[in-house]
Amino acid sequence: MATADLSPLERKYARLGIVLIGPTVLVFCAVIVYPLISAIYLSLFSIYTPTLEGEWVGLSNYAELLAKGEFWSSLWTNIIWTVGTLTLQILFGVGMALILHQNMIFRSLARSLILFPYFVSTVVAVLVWRWLFNDLYGILNHFVMWTGASDMPVDWLGSMPNALLSVILVGAWKYFPFVVIATLARLQTIPDSLYEAAKIDGAGPIARFFDVTLPQLRDVLVVIIMLRAIWDFKEFDLIYLLTGGGPVTSTQTIPLLVYKEAFALNQMGMASAYAVVMMALMLVFMILYIRRTQENEL
Amino acid sequence: MTDVILDQVEKRFGSFTAVHCLDLHIKSGEFVALLGPSGCGKTTTLRMLAGLEFPTSGDIRIGERTVNDVPPGKRDIAMVFQSYALYPHMTVEQNIAYPLKKRGVPLAERGAMVSKVAELLQLDELKDRKPKQLSGGQQQRVALGRALVRDPKVFLLDEPLSNLDAKLRAYMRAELIELHARLGRTMVYVTHDQLEAMTMADRIAIMNEGRLQQLGTPDEVYNCPANRFVAGFIGQPSMNIADGTLDETARFRAGSFEIGLDPERFDTRPGPVALGLRPEAISIGAGPIAARVRVVEPTGHENIIILETDGLGALTARTAVQVRPTVGETVQCGIDADALHLFDGADGRRRNRDDSMVTQTPVGERAKVKESQ
Ligand SMILES: Nc1ncnc2c1ncn2[C@@H]1O[C@H](COP(=O)(O)OP(=O)(O)OP(=O)(O)O)[C@@H](O)[C@H]1O
Ligand SMILES: [Mg+2]
């Protein structure tokens, strides 16, 4: 709308609006837009991290990256990690939400306790898990030995495929509460009369789950899966702290690779190129997500 | 034979009793309306019949079977919910077919059965729509369709018309009456709208505060209300009820108003009583009672006139359109002595001796008349 069409009052409101969103826009530019642009910019240079000096190399970082086996193997690990941990999060999360939706004693206590893994700091959580996994003192190995499942302590984090499995499990444990909260919120809005109608129509508990609950959860699950897929894909601290990408590079995902290039190999330009490629990959998820939310608004 | 019988049924929620010791015998093929003010336990009663709520004590029988422990899906009933409760992700066709699917009806037969119901309810063209894309009246018909498709023995309907506008409600009322006549199935219909109950039901069960007040045909509950509550609840505008006393000579007194009651027709033991008079039993023009006109409400085909009298207090009269006194005027009015209702002052029980009338219409007679139409 042209400004000329606005009444003085409307113009005043418009000015107020700009004043109010101004700070947010500034902060947004400073912390999101600037780093984004500078990452793309840096990825076109070969930069030595400690001095941050280097020369223009154009797209050759990208060419090198795509030719490197390490990129592809990290991407593959990244996909296994994301799919694996996300699947477990959804299964645990939805299952737990269904349980917590029942009328049971200590329901509200259980509902708050279940959030614990999500709220505990990653560093603390990882420290605890490393103790649990410890091959000499860890309780997991204690159980393995005690039940006689194995006469040797299992090397949970130092060998494959155990390390990747452990990382996936800890990731699922840490993030499934998010799925629980979101699912539970949706479950509570499903009208009881739908279940009652289904009962009268002759549907048993399993049919009621598939014909009433699941269709009603579909939309929220799509959103959960997209959000968590994006978040899990770029997960850094949990994996880095738990295995550091090892043994060797077998649990190294792209975020860990970015870190390694930037601060261990001192190749800031290369690291930026990895980061930009990762961003492009996640853009696909984001476009799907935005499409999805817009569809729902229609 | 699918009589529906509630035998001494009681329902408590914690310390609150929603339904008190309810005895109700609904005959096979009958259309019974459960009528009463909000919170009187109608829905609770219906839900107990459906098996969605379990009685605290007492027995529920459908047909020959005691169904206390039978789950809703096995009771051979269908229910239409006030909110319709259509499955939002299924099309109209899938919604209607769902009960068949869950009962293992083969796909081939399902299609034909759904088509038949869709045709009956004029839903043919809406078959592929989702519930969200339907109007209230259409959703209501889909909900009915889902109930009809299985041909259950008993239909339970919980205020199915309350979400519709007045015109559509009148239309659906007629449809339901026709449907009942055509199917001849037992129907239990919950409503708080007396017009619905009076126009549709063979018999009306009037409830208040969890207790059954009267079970009778629309004529019976209107002409011979079993107690003061029913008298006041049925009829629009409601019955005029004046408190007073009966003396030894069977004369009713309320302030300066006096009238002799015939001991043949009334139980005239002396004591506190209440006298009931329908608005149409009051005539304006000539008569012994002087009254001041307070309000005149012309409705088009009749006038509702609110009068102020000495002994009987405020009286509502219903008159022909020609009778139209001016507000503030004092008029003489008469009362139709044959149309008096007498209620006990203590427990509100009806004290007319016309109780032969209550059993005059054999139970279920109207249902048969409808069926034969
Ligand atoms: N699950 C429940 N827990 C506790 N009290 C309940 C429950 N369901 C119903 N009640 C109470 O039982 C009484 C009867 O409720 P019911 O739903 O049968 O009323 P109703 O006659 O259908 O009223 P309305 O016309 O408003 O639908 C109400 O006082 C209600 O508060
Ligand atoms: Mg109700």
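The values are calculated or read from the model by the stated rules, or taken from the named source; none is laboratory data. Nothing here was measured: the structure is a model prediction, and the numbers come from that model. As a convention, Cβ positions derive from the backbone with ideal geometry for all residues, glycine included, and neighbour counts pool all protein chains shown.
With respect to A:R130, determine if the residue is at pLDDT below 85, crowded, with 16+ Cβ neighbours inside 10 Å and in the same structural domain as A:P153 (by TED's automatic domain parsing). So A:R130 does not fit the description; no. Within segment B:142-161, residues that are assigned by TED's automatic domain parsing to the domain that holds B:P99 and assigned to a strand (DSSP E or B) have Cβ atoms under 6 Å from residues that are within 16 Å of ligand 2 (Cβ to nearest atom) and modelled with pLDDT under 90 in these pairs: B:D158/B:Q82, counting only partners at least 6 apart in sequence or on another chain. Restricting the search to strands (runs of 3 or more DSSP E) fully inside segment B:1-92 and requiring at least 1 residues that are within 12 Å of ligand 1 (Cβ to nearest atom) gives B:4-13, B:16-26, B:31-35. Only a single item in (1) touching a residue at least 40 places away in the same chain (Cβ under 8 Å); (2) out of contact with any helix residue (DSSP H, G or I) (no Cβ under 8 Å at 6 or more places or on another chain) is not met by B:H180, and it is number (2). With respect to being away from every other protein chain (no Cβ under 14 Å), within 16 Å of ligand 2 (Cβ to nearest atom) and at pLDDT below 95, B:Q138 falls outside the description. Got at least one residue in segment A:233-256 being within 14 Å of chain B (Cβ to nearest Cβ), touching a helix residue (DSSP H, G or I) at 6+ places or on another chain (Cβ under 8 Å) and of a type in the set (A, V, I, L, M, F, W, C)? Looking through segment A:233-256, none of the residues is within 14 Å of chain B (Cβ to nearest Cβ), touching a helix residue (DSSP H, G or I) at 6+ places or on another chain (Cβ under 8 Å) and of a type in the set (A, V, I, L, M, F, W, C). A count restricted to segment B:85-113 and to residues that are more than 12 Å from chain A (Cβ to nearest Cβ) and either buried (at least 17 other Cβ atoms within 10 Å of the Cβ) or among the hydroxyl-bearing types (S, T, Y) (or both) stands at 5. Taking the criterion of being at the interface with another protein chain (Cβ under 8 Å from one of its Cβ atoms), surrounded by 23 or more Cβ atoms within 10 Å (Cβ to Cβ) and at pLDDT 90 or above, would at least one residue in segment B:52-63 satisfy it? For segment B:52-63, residues at the interface with another protein chain (Cβ under 8 Å from one of its Cβ atoms), surrounded by 23 or more Cβ atoms within 10 Å (Cβ to Cβ) and at pLDDT 90 or above: absent.
In the set (1) part of a helix (DSSP H, G or I); (2) over 15 Å from the mean Cα position of the chain (by Cα), A:V179 fails one condition alone, (2).
Taking the condition over 16 Å from B:A33 (Cα atoms) and either touching a His at 6+ places or on another chain (Cβ under 8 Å) or not assigned by TED's automatic domain parsing to the domain that holds B:K102 (or both), does B:K167 pass? Answer is no for this residue.
In the set B:R278, B:R318, B:R269, only one residue is within 21 Å of B:N227 (Cα to Cα), surrounded by 15 or more Cβ atoms within 10 Å (Cβ to Cβ) and touching a Lys or Arg at 6+ places or on another chain (Cβ under 9 Å); that residue is B:R278.
Checking B:V273, B:V327, B:V295, B:V323 one by one, the residue that is assigned to a loop (DSSP other than H, G, I, E, B) and within 32 Å of the chain's Cα centre (by Cα) is B:V323 and no other.
Suppose we keep only residues that are surrounded by fewer than 16 Cβ atoms within 10 Å (Cβ to Cβ) and within 13 Å of ligand 2 (Cβ to nearest atom) within segment B:1-51. Which one would you say is farthest from the other protein chains (Cβ to nearest Cβ)? Among those that are surrounded by fewer than 16 Cβ atoms within 10 Å (Cβ to Cβ) and within 13 Å of ligand 2 (Cβ to nearest atom), it is B:P37.
The rows are residues; the columns are (1) away from chain A (no Cβ under 14 Å); (2) crowded, with 22+ Cβ neighbours inside 10 Å; (3) within 16 Å of ligand 2 (Cβ to nearest atom).
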| position | (1), (2), (3) |
| --- | --- |
| B:P160 | no, yes, yes |
| B:V188 | no, yes, yes |
| B:Q194 | yes, no, yes |
| B:M207 | yes, yes, yes |
| B:F229 | yes, no, no |
| B:Q236 | yes, no, no |
| B:I241 | yes, no, no |
| B:L246 | yes, yes, no |
| B:G255 | yes, no, no |
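For A:G158, the conditions (1) in contact with a Ser or Thr (Cβ under 9 Å, 6 or more places away or on another chain); (2) in a helix (DSSP H, G or I); (3) small (G, A, S) are fulfilled apart from (2).
Among the conditions (1) closer than 20 Å to B:T186 by Cα; (2) more than 16 Å from ligand 2 (Cβ to nearest atom); (3) surrounded by fewer than 20 Cβ atoms within 10 Å (Cβ to Cβ), B:Q82 misses just one, which is (2).
So which residues in segment A:182-200 are away from chain B (no Cβ under 14 Å) and either surrounded by 22 or more Cβ atoms within 10 Å (Cβ to Cβ) or under 15 Å from the mean Cα position of the chain (by Cα) (or both), if there are any at all? A:A182, A:T183 - these are the residues of segment A:182-200 that are away from chain B (no Cβ under 14 Å) and either surrounded by 22 or more Cβ atoms within 10 Å (Cβ to Cβ) or under 15 Å from the mean Cα position of the chain (by Cα) (or both).
Going by the structure shown, is A:D219 within 14 Å of chain B (Cβ to nearest Cβ), assigned to a helix (DSSP H, G or I) and at pLDDT below 90? Yes, satisfied.
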